[in-house]
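The values are calculated or read from the model by the stated rules, or taken from the named source; none is laboratory data. Since the model is a prediction, treat every value here as computed from it, not as a measurement. Cβ placement follows ideal geometry from the backbone for every residue including glycine, while neighbour counts extend to all protein chains displayed. Calculation scope for accessible area: heavy atoms of the full protein, side chains included, ligands and nucleic acids excluded. Shrake-Rupley method; radii C 1.70, N 1.55, O 1.52, S 1.80 Å.
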Amino acid sequence: MTQTIAPRVRSLVLLLLAVAAALLADAAPASAHAALTSSDPRQGAVVDQAPEQISLTFSETVALSDDALRVLDPKGGRADTGEARGTGATYTVKLRPGLPDGTYTVSYQVVSADSHPVAGAFTFSIGAPSATTVSVPEATAGGGAVGFLYGVGRYASYAGFIVLVGGAAFLLACWPRGTGVRAVQRLVVSGWVALTAATLGLLLLRGSYTTSGKAGDVFDLELLGQVLQTKTGAALVSRLLLLAAAALFVAVLFGAYAKRIEGDEGAPDEDGDAGGVGEGGDEAGKEARDLAFGLAVGGVVVAAGLAASWAMAEHASTGIQPGIAMPVDVLHLLAVAAWLGGLAALLVALHRAPAGTPLEATAVRRFSQLAFGSVLVLVVTGLYQSWRQVGSWSALTGTRYGQLLCLKAGLVVLLVGIAWISRRWTGRLTDTVTAGAEREKERVASGAGATADGDGGTAVTGAGDGDDGTADTGEDDGVDPERAAQLARQRAAVDAARQKRLRDADPTRNGLRRSVLAEAGVAVVLLAVTTMLTSTEPGRTEEEAKAATATSAQTSATGAVTLDMPFDTGGQDGKGVVRIDLDPARTGANALHVYVTRPNGRAFDVPEVKVAFTLESQDIGPLPVVPDHITTGHWSANGVQIPMAGEWKIAVTVRTSDIDQVTVDKNTQIG
């Protein structure tokens, strides 16, 4: 039966990897995590005269590279000076003087604060719309072959981290004897290799991924130098340094520690019997325990550092409460690794552990406890992350991020259900098969004569003059040494097959293997969905961007204008959004309403809000307005006089403390 299980395991793993690749292909190019919320002039706007500059405001902090913001005239020539300036979420580029009438194209390519590329374009017109020869290219940042490879690298890095950290945790905490098992060693080492190779690949691909999307730019040293100066580049370099420490950890784990465990098992304890792990001879047992403690402390530090390399550069580092979100993200990643990576190691141990080093029932029970604790951590941290990234029920069902999150939650529930079945098998698990194997070894050693294959294989009989049926390889008896070696190999193969049958004859272990295999299959799909989540715009950000885009361009039938302007005074609670409503936005008397909200949309009060109107083209203003406070986060003023039509600059000064204040402004057509 076991011979048929191995091909099924390989087939299932290949199928799951194919599903994961399909999911990754659907995920590339990665969705932007920052969105253009407003521009001045607005998309599709027709202005009377050429503005001095173009202003773009995004839903979160972004970074611009050289030549990332361009304005093209109707013939495709550059209409900007090429000097994009700004900080945070708002950037501007000055226009050349004397621009003729016609339709102009604004294209931008930036990188959001959580490391994902954002690209797009829109048009506006001066005087009147006109034909244009500019064809807006599809965004290349994050797409194409480079984008696909970058997505594969992200998946491989997560998978490598989980296998490396979870496999090592399984060996140290649950099955120290497994450090000498080659199959488990290969699993953990493959995790290190995958994570290291993926990290190097991501570092090389990063520059092209966020700019041109061209494969030829992958080895551009100048572009690589620019990447190293970014937050993501620093995180990838930090990960490589930590992987060097992880290599030392793996070498000690499978070298000195495995030898200590092997020596400790054979050492007698105080009663003169063979001791267990960490219970053997005084010196051997103490050395093994001390080394295990050192490995545990060092391993936790390295694993937490590796997890932090994701937390410091992606979702957790942006948005609300980053100081809480980053440690929570580290705990979440460590819990995922302990559960899923340990599950992979358990699966390998159940199927590939040699008969001489069987997986003990106590080791399986220890992992069951470790997995249960990991699930509890995942539930708590996952609920917090879901609230932070989604924010509302509508975003949970109405955005791609929310839908993927629901799919992930469903997979976790399914995984927990299968784990419960595995836990039931674990409760029935005993070490009777191990005892049976020991009895069989004693029977063979006692001189049983011929050895037969219980499945109907050929019997291997002894050759030579030994009474126990074993071959005597001495040349004095005239026995061919090659024949003796062949017989010895046959006996070893038959003995290994017998021990494997004994190990696999336990129905409880067979049931546990099947349930763990099912867990691993669901875990691979879960990992693919999780990777897609990291490259999908959070539901909260998407809804805020939609709302900001809608309100910034909202114009009622009476001509009312609504403008949203993010601000940051630099002090405590200094970030927010100020909204200006001007009705009817015409010459004469107007009603002005000012709303101040936090980044999460909640209204809050600030000590002072002032508004000023300036018509720069006619040197009118600034005309100051001090609105009255109405309720929390709401100020208003009636009878605000606009003397003439034109493109007015509305400047709002927000003071959040005695010393922290900032002035933000936008241009809009009034009258």
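For the range 185-196, filtered to residues that are open to solvent by 60 Å² or more (accessible area, probe 1.4 Å) and not β-branched (Val, Ile, Thr), the residue that is nearest to SER374 (Cα to Cα) is TRP192. Here ARG182, ARG177 are screened, and the one residue that is within 30 Å of VAL348 (Cα to Cα), out of contact with any helix residue (DSSP H, G or I) (no Cβ under 7 Å at 6 or more places or on another chain) and open to solvent by 30 Å² or more (accessible area, probe 1.4 Å) is ARG182.
Here's the yes/no breakdown for (1) part of a strand (DSSP E or B); (2) of a type in the set (S, T, N, Q); (3) within 15 Å of ILE650 (Cα to Cα):
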residue	(1), (2), (3)
LEU582	yes, no, yes
ASN590	yes, yes, yes
VAL594	yes, no, yes
PRO599	no, no, no
VAL606	no, no, no
LYS610	yes, no, yes
THR614	yes, yes, yes
SER617	no, yes, yes
GLY621	yes, no, yes
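Residues checked against (1) aliphatic (A, V, I, L, M); (2) closer than 20 Å to ARG602 by Cβ; (3) free of Cβ contacts under 8 Å to residues at least 24 places away in the same chain:
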| position | (1), (2), (3) |
| --- | --- |
| VAL380 | yes, no, yes |
| SER386 | no, yes, yes |
| GLN389 | no, yes, no |
| SER392 | no, yes, no |
| LEU396 | yes, yes, no |
| LEU405 | yes, no, no |
| LYS408 | no, no, no |
| VAL412 | yes, no, no |
| GLY417 | no, no, yes |
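Scanning the range 105-114 for residues that are open to solvent by less than 40 Å² (accessible area, probe 1.4 Å) and either within 30 Å of MET312 (Cβ to Cβ) or in contact with a Phe, Trp or Tyr (Cβ under 6 Å, 6 or more places away or on another chain) (or both) turns up VAL106, TYR108, VAL110, VAL111, SER112, ALA113, ASP114. If only residues of the range 197-248 that are among the basic types (Lys, Arg) and modelled with pLDDT under 85 are counted, the one that is surrounded by the most Cβ atoms within 10 Å (Cβ to Cβ) is LYS231.
Whether any residue in the range 96-106 is at pLDDT 85 or above and among the aromatic types (Phe, Trp, Tyr) is what I want to check. Yes: the range 96-106 contains one or more residues that are at pLDDT 85 or above and among the aromatic types (Phe, Trp, Tyr). For the range 623-635, filtered to residues that are in a strand (DSSP E or B) and open to solvent by 60 Å² or more (accessible area, probe 1.4 Å), the residue that is nearest to LYS649 (Cα to Cα) is PRO624.
With a requirement of 3 or more residues that are in contact (Cβ under 8 Å) with a residue 24 or more places away in the chain and within 27 Å of ALA296 (Cβ to Cβ), the helices (runs of 4 or more DSSP H) lying completely within the range 211-266 that satisfy it span 231-252, 258-266.
Matching residues to (1) of a type outside the set (Gly, Ala, Ser); (2) farther than 15 Å from ALA523 by Cβ; (3) modelled with pLDDT of 85 or more; (4) buried (at least 17 other Cβ atoms within 10 Å of the Cβ):
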site	(1), (2), (3), (4)
ALA353	no, yes, no, yes
LEU383	yes, yes, no, no
GLY398	no, yes, no, no
VAL412	yes, no, no, yes
THR426	yes, yes, no, yes
ARG443	yes, yes, no, no
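Set side by side, the residues ILE659, ILE670 differ, and just one is under 48 Å from the mean Cα position of the chain (by Cα) and open to solvent by 40 Å² or more (accessible area, probe 1.4 Å), which is ILE659.
If I go through the range 603-615 residue by residue, how many of them are surrounded by fewer than 15 Cβ atoms within 10 Å (Cβ to Cβ) and at pLDDT 85 or above? The qualifying residues number 4. Checking every residue in the range 574-583 against the condition of being open to solvent by 30 Å² or more (accessible area, probe 1.4 Å) and over 23 Å from THR61 (Cβ atoms) gives at least one match. Counting only strands (runs of 3 or more DSSP E) that sit wholly inside the range 35-101, those with at least 3 residues that are crowded, with 17+ Cβ neighbours inside 10 Å are 36-40, 53-58, 62-72, 90-95.
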